[in-house]
1. Does any residue of the range 284-297 turn out to be charged (D, E, K, R) and in contact with a Pro (Cβ under 8 Å, 6 or more places away or on another chain)?
2. For Arg86, state whether it is within 19 Å of the chain's Cα centre (by Cα) and over 24 Å from Ala222 (Cα atoms).
3. Looking at Leu20, Leu16, can you tell me which residue is open to solvent by less than 20 Å² (accessible area, probe 1.4 Å), within 15 Å of the chain's Cα centre (by Cα) and farther than 19 Å from Val88 by Cα?
4. Out of all the residues in the range 190-231, which are among the small types (Gly, Ala, Ser) and in a strand (DSSP E or B)?
5. May I ask you to list pairs of residues, at least six apart or on different chains, whose Cβ atoms are under 7 Å apart, with the first in the range 142-153 being within 20 Å of Tyr116 (Cα to Cα) and the second being open to solvent by 40 Å² or more (accessible area, probe 1.4 Å) and in a helix (DSSP H, G or I)?
6. Looking only at residues in the range 3-27 that are in contact with a strand residue (DSSP E or B) (Cβ under 7 Å, 6 or more places away or on another chain) and of a type in the set (Ser, Thr, Tyr), which one is nearest to Val106 (Cα to Cα)?
7. For the range 251-265, enumerate the residues that are of a type in the set (A, V, I, L, M, F, W, C), open to solvent by 20 Å² or more (accessible area, probe 1.4 Å) and within 19 Å of the chain's Cα centre (by Cα).
8. How many of the residues making up the range 244-271 are in a loop (DSSP other than H, G, I, E, B) and in contact with a Leu (Cβ under 7 Å, 6 or more places away or on another chain)?
Amino acid sequence: MRVTVTGSSGLIGSALVKSLREDGHEVVRLIRREPSAPDEARWSPADGCVEAAALEGTDAVVHLAGAGIGDRPWTRAYKRKVRDSRVVGTRTIAEAIAAAGRRPPVLVCGSAIGYYGDTGGREVDEGAPAGRGFLADLVRDWEAAAAPAAEAGVRVVHPRTGVILTRAGGMLGRTLPLFRLGLGGRLGDGRQWVSWISLADQVAALRFLIDREIAGPVNLTAPAPVTNDDYTRALGRVLHRPTKVPVPAFALRAALREFAGEGPLISQRVLPRRLEEAGFRFAHEDVAGALADALRAPSPAV
């Protein structure tokens, strides 16, 4: 196949590009700077421009670009940047696909389980309504921005990604140094549910969605979400370190402000109903096994 990817230097994108190339597929990486390699093409979300050759005749577009949701404090300016990078970027890609002479048959357009808001202990699947909060509103508008491609007859699928377990970044990567020192612990009361997925399964699921005739939202989370307390204990066992230094909820709110309530303290018990019904098989269904494999695996270049 010939696959065009945005966000190819990010955590998920770099792993996906590597996987595709190892299997002999051609990858075109859409980048914002001037191209300097044969596999690069330029796009500018702010200007609504995409290099036409990157889309013409390609077999799939995987759109993963966007500012990191938890990379910085949620100031008004940063929230606007997060929103624009997803909504405006997705609209730019979708409109360019719709205008292409030979449209790609599928757009896999990154999304997130933030759509569901705080679910408490309630299990939810793709049929659940949108929740409340900045992330829920963002994901709703983010997915809607892909409408031009769908209206042009392109199959559009929205992989709603959960917490990715990799030592290269995210929840695991950021806290791993503390856990290695024996200074890790649960966040808040630890009762909030964590809907996780291994990086290997994330990449495999994206490739699965390229190949299967699936459209609409698909949850990319492992079948067995765990509480933060269970996650913490599992990581401690894998590292052979104590996990007796909890981080109080008030400290997280003081440090992270609004993001704390929609990030580390939110409870989301999300199930991958559509993915399983379509026949996808997870390599990692147990959080301890996923953590062990994540710590053994080499960190992807990002």
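The values are calculated or read from the model by the stated rules, or taken from the named source; none is laboratory data. Bear in mind that the values here come from a model prediction, so they are computed numbers and not experimental data. All Cβ positions, glycine included, derive from the backbone under ideal geometry; neighbour counts span all protein chains shown. Remember, those area values only see protein heavy atoms, side chains included, never the ligands or the DNA or RNA. Shrake-Rupley method; radii C 1.70, N 1.55, O 1.52, S 1.80 Å.
1. Keep residues of the range 284-297 that are charged (D, E, K, R), which gives 285-286, 293, 296.
Checking which are in contact with a Pro (Cβ under 8 Å, 6 or more places away or on another chain) leaves us with 285.
Checked against the condition, which is being charged (D, E, K, R) and in contact with a Pro (Cβ under 8 Å, 6 or more places away or on another chain), the range 284-297 yields at least one hit.
2. Details: within 19 Å of the chain's Cα centre (by Cα): yes; over 24 Å from Ala222 (Cα atoms): yes.
Here the answer is yes, as Arg86 does meet what is asked.
3. Leu16
4. Pass one, the range 190-231, residues among the small types (Gly, Ala, Ser): 190, 195, 198, 200, 204-205, 215-216, 222, 224.
Answer for the range 190-231, where residues must be among the small types (Gly, Ala, Ser) and in a strand (DSSP E or B): Ser198, Gly216.
5. Pairs found: Ala145/Arg91.
6. Thr4
7. Within the range 251-265, Phe259, Leu265 meet the criteria.
8. Total satisfying the criteria: 4.
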